[in-house]
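Take a look at the structure set out below.
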Amino acid sequence: TLFSFFLETINTRKSLSEALLTAKAEGRLTVGVYECAKIMNVDPDRVSFCLLATDDFGCDIALQIHFTLIQAFCFDNDISIVRVNDLKRLNALVGTKGQLEDAHCVLITNPAEDSWEDPALEKLHLFCEESRSYNEWVPEITLPER
């Protein structure tokens, strides 16, 4: 039903915010296209989740090429990936206060082996898996307002 879809969307937004804030607090966040590419190249098994911010690259061909390569890498390495449509809001969540980050790409790395799994991250993985079953390979999530 439409109502259950609406609730699922709200829960997915909330899970994304929770996963980002938890990963930031635990030092498991990588922000920036080049920084993310380095992590993916050096240790792709550490990467658990990828976000691409899509609201302002318009005619930036280099950024579009980077996004295409990152998406292909994520697909090849079974890394869940989503798009978010609000770069400023993503910056506010993942950046250092008063400092603008290059948050076009954000990675969440896996928690340490001996720690608990992140329930919010698990919900996001399920959301991505379900989206792929509907042939939506890179689903878009709207970040919640503060």
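The values are calculated or read from the model by the stated rules, or taken from the named source; none is laboratory data. Please read all numbers here as calculations on a predicted model, not as lab measurements. As a convention, Cβ positions derive from the backbone with ideal geometry for all residues, glycine included, and neighbour counts pool all protein chains shown.
Couple of notes before you dig in:
- Considering region 74-91, and only residues there that are within 17 Å of residue 132 (Cα to Cα) and over 14 Å from the mean Cα position of the chain (by Cα), the residue that is surrounded by the fewest Cβ atoms within 10 Å (Cβ to Cβ) turns out to be 76.
- Residue within region 65-73 that is farther than 22 Å from residue 16 by Cα and in contact with a helix residue (DSSP H, G or I) (Cβ under 6 Å, 6 or more places away or on another chain) present: yes
- Test for residue 22: is it surrounded by 12 or more Cβ atoms within 10 Å (Cβ to Cβ), assigned to a helix (DSSP H, G or I), β-branched (Val, Ile, Thr) and modelled with pLDDT under 90: no
- Scanning region 31-53 for residues that are within 22 Å of residue 143 (Cα to Cα) and surrounded by 18 or more Cβ atoms within 10 Å (Cβ to Cβ) yields 31, 33, 36, 47, 48, 49, 50, 51, 52, 53.
- Residue match in region 48-59 (condition: touching an Asp or Glu at 6+ places or on another chain (Cβ under 8 Å) and not β-branched (Val, Ile, Thr)): yes
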